[in-house]
1. Whether any residue in the stretch 122-145 is buried (at least 17 other Cβ atoms within 10 Å of the Cβ), in a helix (DSSP H, G or I) and out of contact with any helix residue (DSSP H, G or I) (no Cβ under 7 Å at 6 or more places or on another chain) is what I want to check.
2. What pairs can you find where one residue is in the stretch 105-128 and in the same structural domain as residue 73 (by TED's automatic domain parsing) and within 16 Å of residue 76 (Cβ to Cβ), the other is in a loop (DSSP other than H, G, I, E, B) and modelled with pLDDT of 80 or more, and their Cβ atoms are less than 6 Å apart, with a gap of 6+ or different chains?
3. Of the conditions (1) without any contact (Cβ under 8 Å) to a residue 40 or more places away in the chain; (2) under 18 Å from the mean Cα position of the chain (by Cα), residue 142 fails just one. Which one is it?
4. What helices (runs of 4 or more DSSP H), lying completely within the stretch 197-294, carry at least 3 residues that are over 30 Å from residue 70 (Cα atoms), over 23 Å from the mean Cα position of the chain (by Cα) and touching a residue at least 24 places away in the same chain (Cβ under 8 Å)?
5. Among the residues that make up the stretch 292-308, is at least one of them under 14 Å from residue 229 (Cα atoms) and out of contact with any helix residue (DSSP H, G or I) (no Cβ under 9 Å at 6 or more places or on another chain)?
6. Got a number for residues in the stretch 38-78 being modelled with pLDDT of 95 or more and out of contact with any strand residue (DSSP E or B) (no Cβ under 8 Å at 6 or more places or on another chain)?
7. Among the residues that make up the stretch 171-193, is at least one of them in contact with a strand residue (DSSP E or B) (Cβ under 8 Å, 6 or more places away or on another chain), assigned to a helix (DSSP H, G or I) and closer than 18 Å to residue 40 by Cβ?
């Protein structure tokens, strides 16, 4: 008798009883079926909200102490980690080193899948070692099945140096729960197409990673209210966003906001402090540092009333 598959019992490999005849359905019915499954997925993420909040606190504490965040994954999970890391600098003005991602197979595997690289435990360990993790850092392993050897190798090596470990998976039964600091495991159930974890599992993972990174950035002062005040201004679109943020917060006209931003070297936070306090650019930066980079604390003002006022007249 052939040996039983070690993947067979995984929830991510299960056959979905609600989509057995999906290849007979119309386009509209396929879409409706997928929407129905995604509603189940959202409920699964909702059940993990307390664990996600704990993950945010772990990451926030690490960032406040000078640590980094490293995301490790293969296939869809790896690509989601790459996407998360890539979007931090333009959105929150972070250094590319602050949130980094490792994809099994390297950069080339982002666009061209390299089958088999996810099975390489040793390469996972080598890949994380190249980033020189330390006790200050948080390593987030991402594996829908919970079985990816590349990810396990990376987490094992990171654990040896004392890094905090968060594991994001869609198998709540994973035995790694005894090995990591926190497991976030939305039980999304079987996919519309059996084993295709780019679907519900991938969407759930994206939502979890969005929450972990975004909430952590908010907690270290990267927004003022819900405004993107650490936005990088490398394009005309982002320069326009910076001008509009200044206009919203300070009441300046659009052209005057542009003038202020040029004086502030396109640093939105500094521009707000300059306008609100009358300080010159260097002293505005000093005030921000003393306020631990929180605009609200640097100027002693809330922004909610101003935003509500603008929303009421729009």
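The values are calculated or read from the model by the stated rules, or taken from the named source; none is laboratory data. Every value quoted in this text rests on a predicted model; they were computed, and no experiment measured them. Don't worry about glycine lacking a Cβ; one is built from the backbone with ideal geometry, like all the others, and counts go over all protein chains shown.
1. No - not one qualifying residue is present in the stretch 122-145.
2. Pairs found: 114/105; 117/104; 117/105; 118/74; 118/104; 118/148.
3. (1)
4. Counting at least 3 such residues, we get 236-250, 268-277.
5. Yes - at least one qualifying residue is present in the stretch 292-308.
6. 20
7. Scanning the stretch 171-193 turns up no residue that is in contact with a strand residue (DSSP E or B) (Cβ under 8 Å, 6 or more places away or on another chain), assigned to a helix (DSSP H, G or I) and closer than 18 Å to residue 40 by Cβ.
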